[in-house]
Structure formats: structure tokens, C-alpha cells
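The block underneath contains the structure these notes are about, expressed in C-alpha cells.
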Amino acid sequence: MLFEAKLSAPLSQTSDLTHIAQQFTRHTTIRDIRPLGGGNINDTYLVDLADAEQPFVLQRINTQVFPHPHRVMDNLCQFVSHARQRLQKTPLNRRWEVPTVLRTRNDQHHWIDRQGRVWRGLSFVGDTTTFNTIQSQNHAVEIGYGLGCFHSLLSDLPAVHLADTLPGFHITPNYLRQYDADLAKKDTTLSPDERRCCATVAAHRERLSVLEAAKAKGHLPLRSIHGDPKINNILIDTTTGQAASLIDLDTVKPGLVHYDIGDCLRSSCNLLGEETQQWQSVTFDVELCAAVLQGYLASASDFLDTVEYDYIYDAIWLITFELGLRFFSDHLAGDIYFKTQRPLHNLQRALVQFQLADSIIAQKQPIQRLIDGLKANYCSESGWAA
């Protein structure tokens with residue numbers, strides 16, 4: 001989860017958005033520019049053009065979060081080029097959109113304004129929508145299919161070809177060290193909910209290196225990943241109900257597919273959503289997990305190694321726990337990273353994720369049986385020895 005990070009200052013209201021948007025057009029009249037979406041990392045606008053031309057997305061890249069925007073854009077261009085070559089070589093029998101990176105009038109993939117802000121233009125994927133929670137079993141299958149399709153398209157793009165735009169992202173032991181530092185600085189008595197969170201971290205801190213240890217031993221390969229595939233970053237076709245694209249591509253980078261699988265299932269299988277204030281009622285829905293994984297493996301099983309199945313359960317639990325740890329650390333530090341709307345907001349968010357992680361642990365056996373069954377099915381179909 002990346003979208004909540006604070007911005008240091010809003011975009012100036014006096015900025016000439018029309019002038020900026022014109023850098024990505026070819027002598028076409030701009031009819032309207034309006035805010036698009038609710039993300040809090042980049043400033044995003046939809047630019048409507050005259051003469052029935054397709055609108056496009058104009059975004060300011062937040063250089064506080066991404067201090068090397070050239071790397072972000074280079075990764076994005078590599079992804080687009082590679083995915084389109086794959087689709088041209090092996091077309092899908094359904095809609096799947098890969099955004100176009102618009103070039104400036106100077107043939108650059110970004111434009112820097114007079115204030116030093118970095119802008120880009122992307123094609124708009126129309127006739128789609130997003131959701132913050134799963135709407136149906138079919139929706140869950142499509143969420144999984146979307147992530148699997150994305151991973152499959154990138155499966156033969158060597159991870160070393162991509163820059164790491166967010167070093168340390170999803171490296172859970174790093175977040176544990178930050179938590180320890182933030183807790184040591186707290187100079188007030190802990191509340192009951194804070195003590196509950198501390199006890200949860202203490203109970204599981206020895207388990208937090210499971211994915212990094214497997215990666216270090218060579219059990220899990222580095223792959224090209226999305227980095228932030230929560231449910232509302234997967235576009236759904238408004239007519240067919242099928243996944244049509246993934247958005248928020250700033251975090252395309254080298255990593256473990258398990259980071260993406262865990263984050264997708266974390267955001268998909270909590271029907272109360274991550275912003276609920278009824279954290280005691282949060283549960284992990286195993287049936288939805290099954291649907292998401294079925295959809296995922298329908299498009300991703302061809303490239304997964306058998307050993308990668310063995311760490312899916314760990315990924316589901318760990319990435320969920322990790323987000324709770326990040327929320328709680330930010331609460332202890334004074335809410336300096338995640339945007340909040342009310343007092344104790346990050347503490348409540350942490351309680352939600354820790355409760356979700358506890359629910360995953362309590363249902364380990366059925367979740368593992370589910371994964372083992374899928375492994376046996378898909379590995380036998382692909383010829384792997386399970």
C-alpha cells in the first residue's frame with residue numbers, strides 16, 4: 001500500500017495546467033481539465049480534447065516519494081514496450097489495455113515545468129471502473145486474473161533491467177527496525193490499543209524475515225512486479241466485468257511476486273475494507289482468497305516455479321502484518337507519512353491489519369490446503385513435478 005503517503009504541499013492553484021497539458025498534444029485544442037481519481041501520491045487530471053480525440057491522463061510525479069522520476073519513467077517505458085511486444089506476439093482473446101506513454105513536443109517521456117515539477121502524459125483507459133472492496137466471486141476471479149496477466153506479460157523481462165524506484169519497499173525487517181526506533185522514542189504511557197499492537201509485534205517479530213531469507217537462499221527469484229496491486233489499482237471493464245488493466249505503475253520494479261500476491265489478497269479478502277473502524281469484526285475470507293488465486297493462476301501458472309507456491313501463505317500473512325506494522329510505526333512517530341483524517345487514524349488502521357493477520361493465522365490450515373490443491377493442479381498441468 002503506497003497511496004496514502006503525505007504530500008508536503010498541494011499543487012499551486014495558479015499553475016497553468018493548460019500550458020502543461022499542451023506539451024503532450026499535437027496542436028489539438030484542450031477543451032477541459034479536471035481532477036481524476038482519489039490518489040494522494042501524484043496530482044492526476046483528465047484532459048479532454050476537442051475534435052472527438054481521446055482524452056488523456058496528465059500527472060505530476062511526486063518527487064518526494066519518487067526522488068528519481070527519470071527511473072520511474074524509464075521503468076514505465078520498458079514495461080509498456082515489453083508488454084506490447086508480448087501481446088503482439090501472443091494476443092489475448094479478451095480486452096487488455098497497456099497504457100501509452102505520451103511524448104512531449106520535444107520527444108521526451110516527461111516534462112519539467114518552471115517550478116521544477118515533473119509531469120507525464122498517459123493514455124486514458126476508458127469504459128472501466130475500480131472498487132475498494134470485492135463485489136462478487138466473479139469480481140474476485142477477475143482481480144486475480146488481472147494481476148496474473150500483468151505478471152505473465154513481464155515474466156520474461158529480467159528484473160535487472162528495471163531500476164529499484166523504492167529501495168527497501170516490502171523488505172519487512174527494515175520496517176521492524178523502524179518500529180523499534182519509533183517505539184524507543186515514545187515518551188508517553190502506552191494506551192491499551194497501543195499495548196495490544198506492541199504485543200502483536202512481539203509475538204511475531206521472529207517470523208518477519210521469511211521471504212527475505214528465502215530470497216537470500218535463492219529459493220525465490222527476483223522478478224518484475226507491479227509493487228502496489230491493491231484492489232482499486234485493477235481496472236474493471238464496465239460492460240464485461242472483466243479486468244482490463246492495472247494502473248499506478250510508478251512502483252514497477254524488481255521484487256518478489258509474493259509481495260504483489262500478498263498485497264492483492266490482503267486488500268481483496270477483507271470485506272470490511274482497510275478503513276473500517278470495526279476492527280474487531282475484520283476477518284480474512286478464504287472463499288474470496290480461493291477465487292482470487294484461481295484467477296491469478298489461470299494466467300500466471302505458466303511461469304511460476306513450484307517452490308514459489310510454497311511461500312504464498314507466508315506472503316499473504318506477512319504483507320498484511322507488514323502494513324499493520326507500518327501504520328503503527330507511523331502512529332508512534334506522530335503520523336508523519338500516512339495521511340490521516342481523524343485522531344488515532346493510523347492506530348485504528350494498524351489494528352485492522354493486525355486483526356486481519358490474526359485471522360489469516362487462525363485459518364492457516366484451510367488456506368494452505370487451498371494453495372496445495374492449486375499447486376497440485378496447475379503444476380501437473382504445466383508438467384512440473386509438484
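Subtracting the Cα-Cα distance of residue 127 and residue 275 from 0.36 nm times their residue separation leaves 50.6 nm of extension gain.
Under 20 Å from a point placed 7 Å out from the Cα of residue 105 along the Cα-to-Cβ direction: which residues of segment 46-69 have their backbone N that close? Residues 47-51, 53-60 qualify, since their backbone N sits under 20 Å from the label point.
Does segment 18-124 come out rounded, prolate or oblate, given a ≥ b ≥ c as the square roots of the eigenvalues of its C-alpha gyration tensor, rounded meaning a/c under 1.5 and, failing that, prolate meaning a/b above b/c?
Details: a/c = 1.69, a/b = 1.22, b/c = 1.39.
It comes out oblate by the Cα gyration axes.
Where in the chain are the helices, taken as whole DSSP H runs, whose Cα atoms extend 18 angstrom or more along the long axis and whose Kyte-Doolittle mean reaches at least 0.5? Mind showing how you got there, number by number?
Values: long enough: 69-89 (30 Å, -0.89); 137-154 (26 Å, 0.39); 172-185 (20 Å, -1.15); 192-204 (19 Å, -0.53); 286-300 (20 Å, 1.33); 312-333 (31 Å, 0.84); 345-362 (26 Å, 0.38); 364-382 (26 Å, -0.73).
Span-like helices, by this rule, are 286-300, 312-333.
Under 5 Å between amide hydrogens, built in the peptide plane, is the criterion, and for residue 245 it picks out 97, 235 among residues at least 5 positions away or on other chains. When +1 charges are put on Lys and Arg Cβ atoms and -1 charges on Asp and Glu Cβ atoms, the dipole computed for the chain relative to its Cα centre reaches about 540 debye.
Between residue 191 and residue 156, what FRET efficiency comes out of the Förster formula 1/(1 + (r/R0)^6) with R0 = 45 Å and r the beta carbon distance, rounded to 0.05?
0.35
By definition, a body whose alpha carbon gyration tensor gives a ≥ b ≥ c is oblate when a/c is 1.5 or more and a/b is not larger than b/c, and segment 236-284 fits this oblate description. Considering helices alone, the calculated mean residue ellipticity of the chain at 222 nm is -14000 deg cm²/dmol, with DSSP H runs of length four and up weighted by -39500 (n - 2.57) and normalised per residue.
Please compute the length gained on full extension between residue 239 and residue 113, using 0.36 nm multiplied by the number of residues separating them and subtracting their Cα-Cα distance.
On the way: separation 126, 0.36 × 126 = 45.36 nm, distance 3.85 nm.
Full extension of this stretch gives 41.5 nm more.
Restricting the GluC sites (Glu not before Pro) of segment 194-279 to loop positions (DSSP other than H, G, I, E, B) with no more than 13 neighbouring Cβ atoms within 10 Å leaves 275.
Suppose R0 equals 51 Å. What FRET efficiency, 1/(1 + (r/R0)^6) with r the Cβ-Cβ distance, do residue 202 and residue 138 give to the nearest 0.05? According to the calculation, E is roughly 0.80.
Note down the relative contact order for segment 160-266 as a percent, whole number, built from C-alpha pairs under 8 angstrom at least six residues apart. The partial results should precede the final answer.
On the way: 90 pairs, mean separation 34.8, N = 107.
Computed over segment 160-266, the figure is 33 percent.
When each of the peptides 276-286, 180-190, 233-243 is scored by how many other beta carbons lie within 10 Å of its residues on average, the order from highest to lowest is 233-243, 276-286, 180-190. Near residue 253, the amide H atoms lying under 5 Å from its own belong to 225; only residues 5 or more places off or on other chains count, and H is placed 1.01 Å from N. For the pair residue 209 and residue 71, a Förster radius of 30 Å applied to the C-beta separation gives a FRET efficiency near 0.65, rounded to the nearest 0.05. Shape of the chain from its Cα gyration tensor (a ≥ b ≥ c, root eigenvalues): rounded if a/c is under 1.5, otherwise prolate when a/b > b/c, or oblate? Taking the square roots of the gyration eigenvalues as a ≥ b ≥ c, the chain is oblate.
Near residue 186, which lysines are there with a Cα under 30 Å away, not counting those fewer than 8 places off in the same chain? Counting by Cα, and skipping residues close in sequence, residue 186 has these lysines nearby: 6, 339. The amide H of residue 36, built 1.01 Å from its N in the peptide plane, has 44, 45, 46 as neighbours under 5 Å, considering only residues 5 or more places off or on other chains. Counting only lysines at least 8 places from residue 253 when in the same chain, those with an alpha carbon closer than 19 Å to its own are 215, 230.
A short reminder: the numbers here are calculations on the coordinates, not readings from a lab. Since this is a predicted model, take the numbers as computed values, not measurements. For neighbour counting, all protein chains shown are included, and Cβ atoms are generated from backbone atoms with ideal geometry for every residue, glycine included.
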